[in-house]
Amino acid sequence: MIVEVILGDITKLGSEVEAIVNAANEDLLGGGGVDGAIHRAAGPELLKECCTLGGCEPGDAKVSKAYNLKQKYIIHTVGPRYYSNPNPAETLRSCYQKSLQIADKLGVKTIAFPSISTGVFRYPLEEASSIAINTIKQYKSKNIETVIICAFDEKTYKVYLDKLR
Ligand code: APR
């Protein structure tokens, strides 16, 4: 499995990326950050489907269609709120693992993640990026060939790139 880090907007990725991961919240009804960007780009149909998903626990993940995005799927995962989650590292690890497992089951070959929890949920970037890279590298994939981490800013990009090296 190839792991890449890119700098860009996850909602602008092409159809060669079959699934993108959304850093959502428990109600799955949209929000700010990447969640807001994905809902805006996918369109109102996404919210309609998310209303039927019954929410999502921190550390868990649920799949929806991608609507106006070029992907086949959006995998919504809820990261740990760093300062209130009793075990943020474990919850964050689970977000990456569950998202990869769902993508694998769907036969996805290329998946892109944002930097989960390092925005509004205030997970320290250094630790979060280590957990992300280690979990992705330890994952034994069946179908997934490429995992992309799509950083939205230069600082995040550099930290993930360093961890990958
Ligand atoms: N493409 C890629 N990454 C993005 C984009 C985008 N278009 N927009 C934001 N990001 C980055 C942020 O810069 C940050 O590095 O995604 C990372 C995660 O930040 P948040 O989106 O704030 O997500 P998170 O910290 O997991 O907090 C989730 O925020 O938006 C709400 O509804 C969401 O309550 C949930 C919480």
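Using only the alpha carbons of the chain, determine the length spanned along each of the three principal axes and report them from longest to shortest in whole angstroms.
Dimensions of the chain along the principal axes of its Cα atoms: 38, 35, 29 Å.
Given contacts defined as C-alpha pairs under 8 Å and at least six residues apart, what's the relative contact order of the range 58-165, whole-number percent?
Details: 161 pairs, mean separation 28.2, N = 108.
Over the range 58-165, the number comes to 26 percent.
Ignoring everything but the protein chains, give the 1.4 Å probe accessible area of K163 in square angstrom, nearest 10.
Surface open to solvent at K163 totals about 60 Å².
If you take the beta carbon distance between K137 and E16 as r and set R0 to 30 Å, what does 1/(1 + (r/R0)^6) give as a FRET efficiency, to the nearest 0.05?
Numbers: r = 22 Å, r/R0 = 0.72.
Step by step, r from the Cβ atoms, then E = 0.85.
Given the options Q71, Q138, Q101, which has the most mean-square fluctuation in a GNM of the chain, springs set between C-alpha atoms less than 10 angstrom apart?
Among Q71, Q138, Q101, the largest mean-square fluctuation in the Gaussian network model of the chain belongs to Q138.
Given the options S15, S115, S94, which has the most mean-square fluctuation in a GNM of the chain, springs set between C-alpha atoms less than 10 angstrom apart?
Of S15, S115, S94, the Gaussian network model singles out S15 as fluctuating most.
On the full set of protein chains, 1.4 Å probe, figure out the accessible area of L53 and give it in Å² to the nearest 10.
Answer for L53: close to 40 Å² accessible.
Just subtract the alpha-carbon distance of E49 and K109 from 0.36 nm times their residue separation and send over the number in nm, one decimal. Don't skip to the answer; put the middle values down first.
Values: separation 60, 0.36 × 60 = 21.60 nm, distance 2.36 nm.
Residue separation times 0.36 nm, minus the Cα-Cα distance, leaves 19.2 nm.
Can you compute the charge dipole magnitude of the range 89-165 about its Cα centre, using +1 on each Lys and Arg Cβ and -1 on each Asp and Glu Cβ, nothing else charged? Give it in debye, rounded to the nearest 20.
On the way: 12 positive and 8 negative charges, 54 e Å.
Dipole of the range 89-165, to the nearest 20 debye: 260 debye.
Name the long-range amide H neighbours of E4: under 5 Å, sequence gap of 5 or more, or other chain; modelled H, no Pro or chain starts.
The answer is V147, I148, I149.
Largest first, how would Y123, Y73, Y139 line up by accessible area (1.4 Å probe)?
Values: Y123 5, Y73 60, Y139 25 Å².
Sorted by accessible area, descending: Y73, Y139, Y123.
If Lys and Arg each add +1 and Asp and Glu each add -1, what is the summed charge of the other residues whose beta carbon sits under 13 Å from the beta carbon of L125?
Details: positive: R122, K155, K158, K163; negative: E126, E127, D153, E154, D162.
Result for the local shell: -1.
Over all alpha-carbon pairs in the range 81-161, figure out the percentage whose distance exceeds 16 Å.
Details: 1592 of 3240 pairs.
Result: 49 percent of Cα pairs exceed 16 Å.
If the elastic network links every pair of Cα atoms under 10 Å, which of D153, D60, D27 fluctuates the most in the Gaussian network model of the chain?
In this elastic network of the chain, the residue with the biggest mean-square fluctuation among D153, D60, D27 is D153.
Work out the FRET efficiency for K155 and K65 from their Cβ-Cβ distance, taking R0 = 25 Å, and round it to the nearest 0.05. Working shown, then result.
Numbers: r = 33 Å, r/R0 = 1.30.
The formula returns an efficiency of 0.15 here.
The values are calculated or read from the model by the stated rules, or taken from the named source; none is laboratory data. Small disclaimer: the values here were computed from a predicted structure and weren't measured. Cβ coordinates were reconstructed from backbone atoms using ideal geometry, including for glycine residues, and neighbour counts include every protein chain displayed. We work out accessible area using only protein heavy atoms, side chains counted, and drop any ligands, DNA or RNA first. Shrake-Rupley method; radii C 1.70, N 1.55, O 1.52, S 1.80 Å.
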